[in-house]
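Colleague: Input: one structure, supplied below.
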Number of protein chains: 2
Amino acid sequence: MRATTIHGTRDIRVTDVPDPTIQEPTDAIVRVVAGCICGSDLWPYRGENDITPGETIGHECVGVVEEVGADVSSIRPGDFVIVPFNHCDNTCVHCRNGVQSACVNPGATETGQAEYARVSQADGSLVATDGMPDEALIPALLTLADVFPTGYHAATSAGVRDGGTAVVVGDGAVGLFGVLSAALLGAETIIAMSRHEPRQRIATAFGATHIVAERDRAATAAVMEITGGVGADAVLECVGTDQAMQTAFRVARPGATVGFVGVPHGVELPVRRMFGRNVGLAGGVAPTRRYLPELLERVLAGGIDPGLVFDLTVPLDDVAEGYRAMDERRAIKVLVRP
Amino acid sequence: MRATTIHGTRDIRVTDVPDPTIQEPTDAIVRVVAGCICGSDLWPYRGENDITPGETIGHECVGVVEEVGADVSSIRPGDFVIVPFNHCDNTCVHCRNGVQSACVNPGATETGQAEYARVSQADGSLVATDGMPDEALIPALLTLADVFPTGYHAATSAGVRDGGTAVVVGDGAVGLFGVLSAALLGAETIIAMSRHEPRQRIATAFGATHIVAERDRAATAAVMEITGGVGADAVLECVGTDQAMQTAFRVARPGATVGFVGVPHGVELPVRRMFGRNVGLAGGVAPTRRYLPELLERVLAGGIDPGLVFDLTVPLDDVAEGYRAMDERRAIKVLVRP
């Protein structure tokens with residue numbers, strides 16, 4: 001099959017690789033209907049994560065089940081499914097505790113930007129829609145594979161609550177879903193930090209009540225002014241850099257929690273500040289599967305348009321252009337059609 | 001008056017200093033009935049915190065109100081009061097949010113090991129008993145000035161819950177109160193990390209169901225065995241060293257929270273582990289005043305004996321011997337009688 005592979009810094013290709021096959025009786029093979037490029041794919045793209053040249057890249061997709069292993073009972077060939085980027089059995093002690101990202105039978109989508117993908121623990125991982133969804137719904141459903149539940153995890157980890165104030169650091173797709181999630185959880189004041197007009201527009205469409213375009217100390221000052229000098233009840237850190245993390249802690253009110261979902265790169269946590277101001281940190285790799293049923297219901301109920309984050313669609317053959325567009329911030333999030 | 005002062009590493013003296021006086025109309029002067037030495041006093045004692053030679057030391061006491069400022073209305077001369085180590089107005093935006101340690105009108109007890117102490121924001125800070133307590137209750141009441149609410153803050157920050165598993169790292173007085181607090185909050189399995197037999201005994205009296213005497217990797221293995229390989233639902237970090245913090249994160253199950261109350265010294269938080277396993281961190285300087293009413297009620301109701309932690313009592317003149325005994329771990333906590 002054709003799959004996206006990475007060969008070095010900013011070297012993305014479409015390559016013929018062996019079709020994925022059932023390896024365990026709990027596996028399923030999914031024909032990818034739509035995949036996409038994740039902000040975290042840009043780390044290896046930019047050479048900031050180690051790679052093995054020629055390895056596949058891409059972990060977000062939706063599609064139609066092609067084949068299932070002998071032990072798969074709840075998912076059938078022909079089902080349209082959301083494929084969470086992290087697979088889980090959804091029955092182990094950590095899954096039952098709501099931390100499916102720490103499943104004792106873990107797995108991950110490895111060919112989300114390709115024609116087919118193998119899913120381990122298909123019964124636990126996959127969530128099927130009732131029948132085939134409308135074509136127009138595909139982008140919204142695709143966000144459920146990673147970015148929407150990841151933004152939602154930032155919001156729940158930060159303890160966003162009804163009537164409270166939330167600050168979202170980061171205006172990538174995950175940050176934008178942090179805004180939407182804060183709105184869904186009832187935050188009254190939602191401050192999105194963004195300097196890019198197209199992202200500001202989506203943030204506002206998703207429920208942001210304020211946009212802060214400043215950075216660092218000026219950003220802190222702006223949030224303090226909006227919150228009457230108090231700081232935010234909940235802060236969503238959706239980037240993963242040290243700069244974003246320090247900003248997150250500076251705008252948090254005493255007793256608040258920073259919910260973090262950006263893979264940390266060079267982050268040094270300000271432990272003395274955390275101690276002195278009682279600002280906690282929670283979050284991590286999103287337990288996608290935990291949130292999937294409720295978020296799918298939200299998407300199907302309408303009234304929100306998560307698909308807005310896809311501002312560029314490319315055929316699989318042009319996936320390298322999709323990476324370039326995201327790297328140069330010409331696109332927020334790129335949908336890939338095999 | 002006579003007060004404890006510090007002059008250098010391991011140089012504690014009793015010195016004549018000016019009597020504290022009302023400086024603000026919200027102040028009160030308390031005649032100290034009993035004070036004590038805190039584990040955190042050992043940081044400057046051991047030269048690990050900077051000091052100004054000759055400055056007073058000691059921040060925990062109970063006593064009788066001697067005089068109040070013109071604006072103090074709820075506390076009267078003659079009241080027996082618990083003096084929280086951190087003062088607060090208990091009305092500001094942070095106090096109302098339960099983070100009295102971040103009060104906008106902060107203050108701290110500066111002469112807790114002395115004859116008198118000045119308390120700022122007396123109305124907000126002080127909690128009076130109904131009448132004069134029995135002499136036998138004094139040690140238990142004295143724990144309410146700092147160590148008991150601090151241990152309780154570790155437990156609530158860690159999210160200890162009914163029927164859950166809690167690990168307490170640290171067998172100082174705060175750690176022991178972490179054990180007692182976990183028991184009060186309903187934890188079913190309470191694992192105290194302690195290598196010292198007298199402390200193990202108190203931990204057991206306070207509700208520990210298991211004692212782990214090992215350290216580092218061996219301690220982790222012991223906790224994993226007790227918890228069936230899962231890890232603890234809640235971890236209380238009551239030391240403040242990097243070693244204690246790393247142990248705390250290693251024994252936490254995915255999705256757990258480490259509640260920390262030990263002033264961090266050289267701590268580097270394991271952000272990648274926290275992210276990968278969704279283990280959060282919460283806590284900080286205890287909002288003593290927040291917990292005082294409920295903990296005072298617990299003490300007066302009987303059935304617990306917080307005064308157990310005081311295994312040495314010295315007259316004020318011998319306070320230096322009290323420091324030596326704690327420094328050499330011959331005493332768990334030392335009560336000082338002016």
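Colleague: Provide a single number: the residues in the stretch A:15-56 that are over 11 Å from A:T111 (Cα atoms) and in contact with a Leu (Cβ under 6 Å, 6 or more places away or on another chain).
Modeller: The total comes to 1.
Colleague: Sticking with this one: Do you know which residues across the stretch B:175-190 are closer than 18 Å to B:E294 by Cα and part of a helix (DSSP H, G or I)?
Modeller: B:F177, B:G178, B:V179, B:L180, B:S181, B:A182, B:A183, B:L184
Colleague: Return yes when B:S101 is of a type in the set (S, T, Y), within 26 Å of B:E55 (Cα to Cα) and either touching a Gly at 6+ places or on another chain (Cβ under 7 Å) or buried (at least 24 other Cβ atoms within 10 Å of the Cβ) (or both) and no when it is not. Even if it seems obvious, please write down each step before you answer.
Modeller: On the way: of a type in the set (S, T, Y): yes; within 26 Å of B:E55 (Cα to Cα): yes; either touching a Gly at 6+ places or on another chain (Cβ under 7 Å) or buried (at least 24 other Cβ atoms within 10 Å of the Cβ) (or both): yes.
Against the criterion (of a type in the set (S, T, Y), within 26 Å of B:E55 (Cα to Cα) and either touching a Gly at 6+ places or on another chain (Cβ under 7 Å) or buried (at least 24 other Cβ atoms within 10 Å of the Cβ) (or both)), B:S101 qualifies.
Colleague: While we're on this one: Would it be correct to say that A:D71 is assigned by TED's automatic domain parsing to the domain that holds A:D130, in contact with a helix residue (DSSP H, G or I) (Cβ under 9 Å, 6 or more places away or on another chain), farther than 21 Å from A:I332 by Cβ and modelled with pLDDT of 95 or more?
Modeller: Working: assigned by TED's automatic domain parsing to the domain that holds A:D130: yes; in contact with a helix residue (DSSP H, G or I) (Cβ under 9 Å, 6 or more places away or on another chain): yes; farther than 21 Å from A:I332 by Cβ: yes; modelled with pLDDT of 95 or more: yes.
Answer is yes for this residue.
Colleague: Name the one entry in A:G47, A:G78 that is surrounded by fewer than 18 Cβ atoms within 10 Å (Cβ to Cβ), out of contact with any helix residue (DSSP H, G or I) (no Cβ under 9 Å at 6 or more places or on another chain) and under 22 Å from A:P264 (Cα atoms).
Modeller: Working: A:G78 fails: under 22 Å from A:P264 (Cα atoms).
Of A:G47, A:G78, the one residue that is surrounded by fewer than 18 Cβ atoms within 10 Å (Cβ to Cβ), out of contact with any helix residue (DSSP H, G or I) (no Cβ under 9 Å at 6 or more places or on another chain) and under 22 Å from A:P264 (Cα atoms) is A:G47.
Colleague: Ok, one more. Run A:V93 past the list (1) touching a Pro at 6+ places or on another chain (Cβ under 7 Å); (2) among the hydrophobic types (A, V, I, L, M, F, W, C); (3) within 14 Å of chain B (Cβ to nearest Cβ) and report the number of the one that doesn't hold.
Modeller: It is condition (1) that A:V93 fails.
Colleague: Restricting to the stretch A:276-332, count the residues that are under 19 Å from the mean Cα position of the chain (by Cα) and among the polar types (S, T, N, Q).
Modeller: Of the residues in that region, 2 qualify.
Colleague: Filter the stretch A:191-228 for residues that are over 19 Å from the mean Cα position of the chain (by Cα) and in a strand (DSSP E or B); which is nearest to A:V168 (Cα to Cα)?
Modeller: Selected residue: A:I191.
Colleague: Give the residues of the stretch B:227-241 that are over 14 Å from B:S194 (Cβ atoms) and either at the interface with chain A (Cβ under 10 Å from one of its Cβ atoms) or touching a residue at least 60 places away in the same chain (Cβ under 8 Å) (or both), sorted by residue number.
Modeller: B:T227, B:G228, B:G229, B:V230, B:G231, B:A232, B:D233, B:A234, B:V235, B:E237, B:G240
Colleague: Just one of B:G307, B:G255, B:G262 is at pLDDT 95 or above and in the same structural domain as B:A222 (by TED's automatic domain parsing); which is it? Write out each step before concluding.
Modeller: On the way: B:G307 fails: in the same structural domain as B:A222 (by TED's automatic domain parsing); B:G262 fails: at pLDDT 95 or above.
Step by step, each of B:G307, B:G255, B:G262 is checked, and only B:G255 is at pLDDT 95 or above and in the same structural domain as B:A222 (by TED's automatic domain parsing).
Colleague: Mind counting the residues in the stretch B:284-299 that are touching a helix residue (DSSP H, G or I) at 6+ places or on another chain (Cβ under 8 Å) and either farther than 17 Å from B:V174 by Cβ or more than 7 Å from chain A (Cβ to nearest Cβ) (or both)? If you could, list the steps in order and put the result at the bottom.
Modeller: Keep residues of the stretch B:284-299 that are touching a helix residue (DSSP H, G or I) at 6+ places or on another chain (Cβ under 8 Å), which gives B:284-292, B:295-296, B:298-299.
With either farther than 17 Å from B:V174 by Cβ or more than 7 Å from chain A (Cβ to nearest Cβ) (or both) added as a condition, the list becomes B:286-292, B:295-296, B:298-299.
Of the residues in the stretch B:284-299, 11 are touching a helix residue (DSSP H, G or I) at 6+ places or on another chain (Cβ under 8 Å) and either farther than 17 Å from B:V174 by Cβ or more than 7 Å from chain A (Cβ to nearest Cβ) (or both).
Colleague: If a residue has to be aliphatic (A, V, I, L, M) and closer than 16 Å to B:P254 by Cα to count, how many in the stretch A:82-140 make the cut?
Modeller: Let us first name the residues in the stretch A:82-140 that are aliphatic (A, V, I, L, M), namely A:82-83, A:93, A:99, A:102, A:104, A:108, A:114, A:117, A:119, A:122, A:126-128, A:132, A:136-138, A:140.
From what's left, closer than 16 Å to B:P254 by Cα: A:93, A:99, A:102, A:104.
Result for the stretch A:82-140: 4.
Colleague: Find the residue count for the stretch B:162-174, including only residues that are in contact with a helix residue (DSSP H, G or I) (Cβ under 8 Å, 6 or more places away or on another chain) and in a loop (DSSP other than H, G, I, E, B).
Modeller: Adding up the residues that qualify gives 3.
Colleague: Okay, moving on. Of A:G276, A:G302, A:G307, which residue is within 30 Å of A:G131 (Cβ to Cβ) and free of Cβ contacts under 8 Å to residues at least 40 places away in the same chain? Write out each step before concluding.
Modeller: Working: A:G276 fails: within 30 Å of A:G131 (Cβ to Cβ); A:G307 fails: free of Cβ contacts under 8 Å to residues at least 40 places away in the same chain.
Answer to the selection: A:G302.
Colleague: Only residues that are at the interface with chain A (Cβ under 7 Å from one of its Cβ atoms), among the basic types (K, R) and surrounded by fewer than 21 Cβ atoms within 10 Å (Cβ to Cβ): list them for the stretch B:268-282, please. Full working, then the answer.
Modeller: Applying the first criterion (at the interface with chain A (Cβ under 7 Å from one of its Cβ atoms)) to the stretch B:268-282 yields B:269, B:271-272, B:274-278, B:280-282.
Adding the requirement that they be among the basic types (K, R) leaves B:272, B:277.
Once the filter is applied, which keeps residues that are at the interface with chain A (Cβ under 7 Å from one of its Cβ atoms), among the basic types (K, R) and surrounded by fewer than 21 Cβ atoms within 10 Å (Cβ to Cβ), the stretch B:268-282 yields only B:R272.
Colleague: Still on this structure, I have one more. Considering only the stretch A:40-59, I want to know if a residue exists there that is under 21 Å from A:V147 (Cα atoms), assigned to a strand (DSSP E or B) and either touching a Phe, Trp or Tyr at 6+ places or on another chain (Cβ under 9 Å) or modelled with pLDDT of 95 or more (or both).
Modeller: So in the stretch A:40-59, the residues under 21 Å from A:V147 (Cα atoms) come out as A:40-46, A:48-49, A:56-59.
Cutting the leftovers down to assigned to a strand (DSSP E or B) gives us A:56.
Add one more test, that the residue is either touching a Phe, Trp or Tyr at 6+ places or on another chain (Cβ under 9 Å) or modelled with pLDDT of 95 or more (or both), and what stays is A:56.
Among the residues of the stretch A:40-59, at least one is under 21 Å from A:V147 (Cα atoms), assigned to a strand (DSSP E or B) and either touching a Phe, Trp or Tyr at 6+ places or on another chain (Cβ under 9 Å) or modelled with pLDDT of 95 or more (or both), which makes the answer yes.
Colleague: Still on this structure: Inspect all residues belonging to the stretch B:59-69 and state whether any of them is among the hydrophobic types (A, V, I, L, M, F, W, C), in contact (Cβ under 8 Å) with a residue 60 or more places away in the chain, surrounded by fewer than 23 Cβ atoms within 10 Å (Cβ to Cβ) and within 14 Å of chain A (Cβ to nearest Cβ).
Modeller: The answer is no, given that none of the residues of the stretch B:59-69 is among the hydrophobic types (A, V, I, L, M, F, W, C), in contact (Cβ under 8 Å) with a residue 60 or more places away in the chain, surrounded by fewer than 23 Cβ atoms within 10 Å (Cβ to Cβ) and within 14 Å of chain A (Cβ to nearest Cβ).
Colleague: Follow-up. Quick check: anything in the stretch A:245-267 touching a Phe, Trp or Tyr at 6+ places or on another chain (Cβ under 8 Å), more than 9 Å from chain B (Cβ to nearest Cβ) and surrounded by fewer than 22 Cβ atoms within 10 Å (Cβ to Cβ)?
Modeller: Yes, there is a match, as at least one residue in the stretch A:245-267 is touching a Phe, Trp or Tyr at 6+ places or on another chain (Cβ under 8 Å), more than 9 Å from chain B (Cβ to nearest Cβ) and surrounded by fewer than 22 Cβ atoms within 10 Å (Cβ to Cβ).
Colleague: Of the conditions (1) of a type outside the set (D, E, K, R); (2) away from chain A (no Cβ under 14 Å); (3) more than 21 Å from B:C38 (Cα to Cα); (4) assigned to a helix (DSSP H, G or I), B:S73 clears all except one; give me its number.
Modeller: Every listed condition holds for B:S73 apart from (4).
Colleague: Among (1) over 23 Å from B:D41 (Cβ atoms); (2) within 14 Å of chain A (Cβ to nearest Cβ), there is one condition B:D123 misses while meeting the rest; what is its number?
Modeller: (2)
Colleague: With B:A122, B:A140, B:A136, B:A114 as the choices, which residue is out of contact with any strand residue (DSSP E or B) (no Cβ under 7 Å at 6 or more places or on another chain), farther than 30 Å from B:Q243 by Cβ and surrounded by 22 or more Cβ atoms within 10 Å (Cβ to Cβ)?
Modeller: Matching residue, one of B:A122, B:A140, B:A136, B:A114: B:A140.
Colleague: A further question follows. Based on this model, can you work out whether B:G322 counts as over 20 Å from B:G151 (Cα atoms), in contact (Cβ under 8 Å) with a residue 24 or more places away in the chain, outside any helix (DSSP H, G or I) and of a type outside the set (A, V, I, L, M)?
Modeller: no
Colleague: When the stretch A:285-319 is examined, which residues are found to be in a strand (DSSP E or B) and of a type outside the set (D, E)?
Modeller: Answer for the stretch A:285-319, where residues must be in a strand (DSSP E or B) and of a type outside the set (D, E): A:F310, A:L312, A:T313, A:V314, A:P315.
The values are calculated or read from the model by the stated rules, or taken from the named source; none is laboratory data. Fair warning: this is a prediction, and the values are worked out from it, not measured in the lab. Reconstructed Cβ throughout: ideal geometry from the backbone, glycine too, with neighbour counts over all protein chains shown.
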